[in-house]
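First up is the structure itself, then whatever we jot down about it.
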Amino acid sequence: MLKVLFQSRRSLFTAFGGDTVQIQKTAEALEKLGVQVDLDIKGEANPRDFDVVHLFNLMRPQETWIAARRAKEAGKPVVISTIFGPYTELDRAVRRGMVGWMARHVSPDRFELIKILGRWVVNGEYHPGLSRFLLRGVHQAQEDIIAASSVLLPNSQGEAERVKAHFPEAAAKKVVVVPNAVDPELFTQDHHCPACAEVEAAYGNQIVLCAARIEPRKCQVELAEAMEGLPWKLVLVGKPGANSGEYYQRLQQTAARTGNCVIAGPVDPQRLPCLYRIARVHALVSWMETPGLSSLEAAASGCQVLITRKGDTYEYFGDMAEYCDPASVESIRQGLIRAYERTPDLNAVGSLRERCTWESAAKATLEGYTLARA
């Protein structure tokens, strides 16, 4: 049996995100294919005990760099799910105060280093090896990770090209595109469970839904502003990011003013299919997505999707979605109107449900392992 070590960030389950779902669901699907998967988020596992080391997230190199070094020293093949979407445009557009000034006046790599230091000081995100990483620097550490990896596993061709543009070393690497995915049995237009009636009673039907962590990158404040005066209810599902307290306060103030925005907070994941079922539109108007798991889940459930072209969304959704500019409240507003009035393309929904499954993701991932071991 092939034994694979998954290694990711320490905050994987305390700061729940799309990579959390990707890691859990990929592991489950690989195990169905006969692969043994062990997950290590503390950097304690010995890579010598495994056939392949699978790393995640070039955007969090402070932990991935240490894991890559250990795997290389052990002589084990390394693959990485790059999950690479730089936030430079977001940082320079929306950051405020001294942090905003730094975002606009220092290099992107230097600013990423500042953010890592901030997480250390504010959130206590320290781990052995961080001091060595800080001396190495963000960009050089990312290059080291790529150099140690035999195969890159981006979620789209666009992401692959983005990685190659940032890191010349990546041009010589083998690449297998692994689709982000949904559970087609759970996320479906026909979903019905005992919780559905309760969810519909709480929120009504034909709502506009946004399921995402509340933070500046996801633009929930701008989305709530765009809803002002529209005849529909916006339901925001998710909890604030670790460092998004001020943004969350702005969202609460905006919701109180508009009168048609409900901040529902985090919900039981088992209730998400019920929310998608009653939603007319799902809006995730982010500054960067690759492509956003909640958008995929919503589309597979028959919702009309409003997204932006920032990142790799068009590669997944093409013309089946409506698009807007996250920097423009009016663009978001017009996108909401178009999306609400549009009828979902059921053929496109069916195609997406066939392409974007965790089984497909696991098979592509397994192909990457085979190439890495060759």
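The values are calculated or read from the model by the stated rules, or taken from the named source; none is laboratory data. The structure displayed is predicted, hence computed values, not measured ones. Here the Cβ is made from the backbone with ideal geometry for all residues, glycine too, and neighbour counts use every protein chain on show. Protein only, heavy atoms only, side chains kept; ligands, DNA and RNA dropped before computing areas. Shrake-Rupley method; radii C 1.70, N 1.55, O 1.52, S 1.80 Å.
To the nearest 10, the accessible area of Phe13 is 100 Å² with a 1.4 Å probe. Can you list the lysines whose alpha carbon sits under 30 Å from that of Lys233, skipping same-chain ones fewer than 8 residues off? Lys233 reaches Lys218, Lys310. A 1.4 Å probe run over the chain, with the rest of the protein chains in place, finds 43 Å² accessible per residue. Remark: accessible surface ordering of His54, His192 (largest first) is His192, His54, probe radius 1.4 Å. Net length available on complete extension from Ser107 to Gln334 is 78.3 nm, with 0.36 nm assigned per residue and the Cα-Cα distance removed.
Restricting to the chain, what percent of DSSP beta bridges are antiparallel, rounded to 5?
Values: 0 of 38 bridges.
Roughly 0 percent of the DSSP beta bridges within the chain come out antiparallel.
The residues packed around Ala195, meaning those with a beta-carbon under 11 Å from its beta-carbon, carry a net charge of -1 if Lys and Arg are +1 and Asp and Glu are -1. List the aspartates and glutamates whose Cα sits under 17 Å from the Cα of Lys173, skipping any in the same chain fewer than 8 residues away. Result set, ordered by chain and number: Glu143, Asp144, Glu159, Glu161, Glu367.
Taking the centroid of alpha carbons for each part, segment 160-181 and segment 222-291 are 32 Å apart. In this structure Leu186 has an accessible area near 50 Å², from a 1.4 Å probe over the protein heavy atoms. Counting protein heavy atoms only, segment 30-145 has 52 percent of its accessible area on carbon and sulfur, 1.4 angstrom probe. Mean-square fluctuation check for the chain, GNM, Cα pairs under 10 Å: which of Asp49, Asp91, Asp144 is largest? Evaluated over the chain, the most mobile residue of the options is Asp49. Checking the cross-link pairs Lys3/Lys174; Lys25/Lys363; Lys76/Lys174; Lys25/Lys115; Lys3/Lys76 against a 18 Å limit on the alpha carbon distance flags Lys3/Lys174; Lys25/Lys115 as lying beyond it. When all protein chains stay in place and ligands, DNA and RNA are ignored, the 1.4 Å accessible-area order of Glu31, Glu185, Glu73, largest first, is Glu185, Glu73, Glu31. Taking Cα atoms only, the orientation of helix 18-32 departs from the longest principal axis of the chain by about 70 degrees. For the peptides 106-117, 301-312, residues were scored by their other Cβ atoms within 10 Å and the scores averaged per peptide; the highest-first order is 301-312, 106-117.
Estimated at the nearest 10 Å², the accessible area of Trp358 is 30 Å² with a 1.4 Å probe. Ordering Lys174, Lys72 by accessible surface, largest first, gives Lys72, Lys174; the 1.4 Å probe counts only protein heavy atoms, with every chain in place.
Roughly how many percent of the accessible protein surface of segment 276-374 is carbon and sulfur, given a 1.4 Å probe and a whole-percent answer?
45 percent
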